[in-house]
Amino acid sequence: MLTVIVCLFSGATVLQSAPVYKPGTDSSLWYLTMNLNPSDGHIMDYTTGWAYDRFIGTYRDALSRDYLNRVIWNHPVSYIAVVRHQKGEIDAVKVFRFRDSARSLLSRFRAMSPGREIATEGGPLQESVSDTAQHMSDDPVFSVGGDLAFNWGYGNNGVRIVLTGGHLSGQNDNTHGLGNHFACNPLTGNTTHKEWAHEISNIQDSGTKPTVVQGTDHGSGNKYISGPVYGNYAIYVSENANSFLGPGDKLDLEIEVEPKLRFF
């Protein structure tokens, strides 16, 4: 059954069943703001989606295809969770606190010049990995430590989300993460070379050999090899929730967790 929801921030009336963003409440709520599926036929590379003020995907397919909720993407948040999942069931999760809680994800991903923003601090508040999770040794999020860095540009390459514990390149092709491109202007997010787009790249040495990317969501450049899909990668944000669900739990568009008292 369709429900009429008034999105107060956009001034629009949406005829969809969907979460309503509720800032300023006391409940510990997480909101799904992005999902990346590296084999759905839509390439969410460095130049696509991240700096747009545009809805991508649908609520119905939010956890199975590429998705970006522009209403949530536009609002200031304090915490972010990166979740690898298999058809909505959690494989692994990391939770971080932003250094600056007064900014939205849209404002962060539009800040490409000079870019290279270390967006979180203190490392993960929570890091949970299933005992049965596969492909963990070169996962772009869960095989490296540190904080989240956004808009990592180097030469004519760019990566939207990387971890500071990985290789942060100056000039070669060895920085890997979520939302990648090997032939763009990372300071503007523009390109005329769609063949070098790729959505999710694993941790590896790409200097002397082809780059293995997850799935088929990449351009036609001859440097790419389609590798296995490790899972979908979902991004949740919150104003006040500093812990997330754990491995084996099921995801939804909106998640409520037990509040935890911490001094941050």
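The values are calculated or read from the model by the stated rules, or taken from the named source; none is laboratory data. All of these numbers come straight from a predicted model, not from anything done at the bench. Cβ coordinates were reconstructed from backbone atoms using ideal geometry, including for glycine residues, and neighbour counts include every protein chain displayed. In case anyone asks, the SASA skips ligands and DNA or RNA and just uses the protein heavy atoms, side chains included. Shrake-Rupley method; radii C 1.70, N 1.55, O 1.52, S 1.80 Å.
Values for this structure:
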item	result
Accessible-area value, THR192, 1.4 Å probe, nucleic acids and ligands omitted, Å²	120 Å²
Distance in nm between pseudo-label sites at PHE55 and ASN156 (7 Å out along the Cβ direction from Cα)	3.7 nm
Ranked order, THR191, THR33 - accessible area, probe 1.4 Å, largest first	THR191, THR33
Where the range 153-264 is the region considered: accessible area per residue in Å², 1.4 Å probe	43 Å²
Solvent-accessible area of SER243 with every protein chain in place, 1.4 Å probe, in Å² to the nearest 10	10 Å²
Set LYS194/LYS223; LYS87/LYS260; LYS87/LYS194 screened for pairs whose C-alpha atoms are more than 18 Å apart	LYS87/LYS260; LYS87/LYS194
Distance between the range 188-232 and the range 110-162 - C-alpha centres, whole angstrom	16 Å
Around SER39: net Lys/Arg minus Asp/Glu count, Cβ-Cβ under 15 Å	-3
Computed accessible area, LYS250, all protein chains, 1.4 angstrom probe, square angstrom	130 Å²
Of ASN242, ASN202, ASN156, the one that fluctuates the most in a GNM where the chain has Cα springs shorter than 10 Å	ASN156
Ellipticity estimate at 222 nm from DSSP helix runs (n ≥ 4, -39,500 (n - 2.57)) divided over the chain, nearest 500	-500 deg cm²/dmol
Answer label, with Cα Rg over 2.2 N^0.38 Å calculated from the coordinates and candidates (i) 1.75; (ii) 1.44; (iii) 0.95	(iii)
Of PHE182, PHE244, PHE98, the one that fluctuates the most in a GNM where the chain has Cα springs shorter than 10 Å	PHE98
Interatomic Cα distance distribution for the range 122-264, bins of 10 angstrom, percent	10, 37, 32, 17, 3, 0
Of all accessible heavy-atom area on the chain, the percent that carbon and sulfur account for (1.4 Å)	51 percent
Accessible heavy-atom area order of ARG97, ARG110, highest first, probe of 1.4 Å	ARG110, ARG97
Accessible surface ranking that places the most exposed of ARG70, ARG84, ARG54 first, with a 1.4 angstrom probe	ARG54, ARG70, ARG84
